[in-house]
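Here it is, the structure, as structure tokens.
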Amino acid sequence: MLGAASFVRTRVSARAVVMLLLLAALWGSSYLFIKIAVEDGLSPAFIAFGRLVLGALVLVPVAARNGTLRAVRGHGRTVAFLGAVQLAGPFLLITVGEHWISSSLAGILVASVPIFIAILALRLDSDERFAGTQLLGVGAGIVGVTLLLGIDVGTGGLELVGALLVLLAGVGYAVAALVLKRRLGDVQPVAMAAAAISAAAAYLLVPAAVTFPTSAPSLGAAAALGVLGVGGTGIAFLLFYMLVAQLGPARASIVAYLAPGFAVFYGVTVRDEVVTVWALVGLVLVLGGSWLASRPRPVPRGIESAPAAICRTTREPAT
């Protein structure tokens, strides 16, 4: 991922900056709205299904209008895989996890995705394997996660289970990012996202139907689910791919470092969640480690083509 200093040195339009901040605010708010819906008694499967359906209602018409959905037909297996590993699985895991942990902690833990990408790349992708400062970043990130689990969360109880479920969702995001990089091909990202979100909703149709609310949700929970689906899923994905087109994938992905700050801000100001000193230390270590782990390795001139370089530095945040 492109470093913050490089982002600042690059001339970026005011419109792009506003879009970037709006995207970070939307993705960071997802954990807050999940928590509100969970506390109202909505099932995790219903919450995840609802946000996916609403997100699809935003993205599918956009992809259809652009005429890009046709290219997805030859990528059925990739769509099915991403729908399960990047969307349905993580959305469900995070929602279950937020039964027992705060929304701000969930946002911090998801920020560890670049750490998992670097670790998994040792096995799955030689282009992404780390060395030097990247190794330092992975170590710092692991220390940060350990602090969050061992000191801020504790060593037992359902809080630890919830935190581990959110981390498992992060592993799913990391696996999906590596697969997406290798198999996206000529498919426009917004079309792939629309197709994958639709597939993910199909996966959760039966669990959502089985756990359908027996009574009408409160106005607050219904509003939270609506904003989560339309804003935090549909519009957020659309904004991200617009930024990718305008800034490139590396610069657009700097949102991964901004969203956790918004998640903590919302949790503290809206829900009076307590963020301990150890949580803040863990956040700094996780974000700093993720930044170092996702920095591209220097490549001698003439060795790597421009398209390969773009793919190698791609990091897609997810929430």
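The values are calculated or read from the model by the stated rules, or taken from the named source; none is laboratory data. Since we're looking at a predicted model, the values are computed, not measured. Quick reminder, even Gly has a Cβ in these numbers, built from the backbone with ideal geometry, and neighbours come from all protein chains shown.
Within the stretch 120-158, track down each residue that is at pLDDT 75 or above and at positive phi.
Correct list: Gly157 only.
Scanning the stretch 22-44 for residues that are small (Gly, Ala, Ser) and crowded, with 23+ Cβ neighbours inside 10 Å, which turns out farthest from Met192 (Cα to Cα)? It would help to see each step written out before you state the result.
Step one: list which residues in the stretch 22-44 are small (Gly, Ala, Ser), which gives 24-25, 28-30, 37, 41, 43.
Narrowing the set further to residues that are crowded, with 23+ Cβ neighbours inside 10 Å leaves 24, 28-30, 37.
Details: Ala24: 21, Gly28: 23, Ser29: 24, Ser30: 21, Ala37: 28 Å.
Out of the qualifying residues, it is Ala37.
Quick one: in the stretch 59-71, which of the residues that are surrounded by fewer than 21 Cβ atoms within 10 Å (Cβ to Cβ) and within 22 Å of the chain's Cα centre (by Cα) is farthest from Ala195 (Cα to Cα)?
Checked the stretch 59-71; the qualifying residue farthest from Ala195 (Cα to Cα) is Val62.
What pairs can you find where one residue is in the stretch 207-223 and aliphatic (A, V, I, L, M), the other is surrounded by 12 or more Cβ atoms within 10 Å (Cβ to Cβ) and outside any loop (DSSP other than H, G, I, E, B), and their Cβ atoms are less than 7 Å apart, with a gap of 6+ or different chains?
Between residues of the stretch 207-223 that are aliphatic (A, V, I, L, M) and residues that are surrounded by 12 or more Cβ atoms within 10 Å (Cβ to Cβ) and outside any loop (DSSP other than H, G, I, E, B), the close pairs are Ala208/Ala45; Ala208/Phe46; Ala208/Phe49; Ala221/Ile36; Ala221/Ala37.
Going by the conditions given, is Ala45 under 19 Å from Val227 (Cα atoms) and touching a residue at least 24 places away in the same chain (Cβ under 8 Å)?
Numbers: under 19 Å from Val227 (Cα atoms): yes; touching a residue at least 24 places away in the same chain (Cβ under 8 Å): yes.
So Ala45 passes the test.
Hey, another quick one. Test Val270 against the stated conditions and say whether it is surrounded by fewer than 20 Cβ atoms within 10 Å (Cβ to Cβ), at pLDDT 85 or above and over 19 Å from Val38 (Cβ atoms).
The answer is no for Val270.
Also: For Ile117, are the conditions met, namely being touching an Asp or Glu at 6+ places or on another chain (Cβ under 9 Å), in a helix (DSSP H, G or I) and surrounded by 24 or more Cβ atoms within 10 Å (Cβ to Cβ)? Before the answer, list the steps.
On the way: touching an Asp or Glu at 6+ places or on another chain (Cβ under 9 Å): yes; in a helix (DSSP H, G or I): yes; surrounded by 24 or more Cβ atoms within 10 Å (Cβ to Cβ): yes.
Judged against the criteria, Ile117 is a match.
Give the residue, chosen from Gly89, Gly83, Gly107, Gly150, that is more than 25 Å from Thr211 (Cα to Cα), surrounded by fewer than 24 Cβ atoms within 10 Å (Cβ to Cβ) and not hydrophobic (A, V, I, L, M, F, W, C).
Details: Gly89 fails: more than 25 Å from Thr211 (Cα to Cα); Gly83 fails: more than 25 Å from Thr211 (Cα to Cα); Gly107 fails: surrounded by fewer than 24 Cβ atoms within 10 Å (Cβ to Cβ).
Result of the check over Gly89, Gly83, Gly107, Gly150: Gly150.
Another one. Being buried (at least 20 other Cβ atoms within 10 Å of the Cβ) and over 15 Å from the mean Cα position of the chain (by Cα) is the filter here; which residues of the stretch 251-267 pass it?
Arg251, Val264, Tyr266, Gly267
Continuing with this model, one more query. Does the stretch 193-206 contain any residue that is at pLDDT below 90, among the β-branched types (Val, Ile, Thr), over 19 Å from the mean Cα position of the chain (by Cα) and more than 19 Å from Trp27 (Cα to Cα)?
no
Residue by residue through the stretch 265-287, note down the ones that are in contact with an Asp or Glu (Cβ under 8 Å, 6 or more places away or on another chain) and closer than 19 Å to Leu21 by Cα. Give the steps one after another, and end with the answer.
Taking the stretch 265-287 as the starting set, the residues that turn out to be in contact with an Asp or Glu (Cβ under 8 Å, 6 or more places away or on another chain) are 267, 276, 278-279, 282.
Gly267 - this is the single residue of the stretch 265-287 that is in contact with an Asp or Glu (Cβ under 8 Å, 6 or more places away or on another chain) and closer than 19 Å to Leu21 by Cα.
Would you mind telling me which numbered condition in (1) surrounded by 23 or more Cβ atoms within 10 Å (Cβ to Cβ); (2) over 17 Å from the mean Cα position of the chain (by Cα) Thr214 fails?
Failing condition for Thr214: (1).
Next question. Quick one: in the stretch 244-257, which of the residues that are in a helix (DSSP H, G or I) and more than 20 Å from Gln86 (Cα to Cα) is modelled with the highest pLDDT? Steps first, please.
Just the residues of the stretch 244-257 that are in a helix (DSSP H, G or I), to begin with: 244-247, 249-252, 255-257.
Okay, now just the ones that are also more than 20 Å from Gln86 (Cα to Cα), so 245-247, 251.
Details: Ala245: 72, Gln246: 79, Leu247: 75, Arg251: 70.
If we take residues in the stretch 244-257 being in a helix (DSSP H, G or I) and more than 20 Å from Gln86 (Cα to Cα), then Gln246 is modelled with the highest pLDDT.
Next up: What are the residues in the stretch 32-85 that are farther than 17 Å from Gly234 by Cβ and part of a loop (DSSP other than H, G, I, E, B), if any?
Within the stretch 32-85, Asp40, Gly41, Leu42, Ser43, Gly67 qualify.
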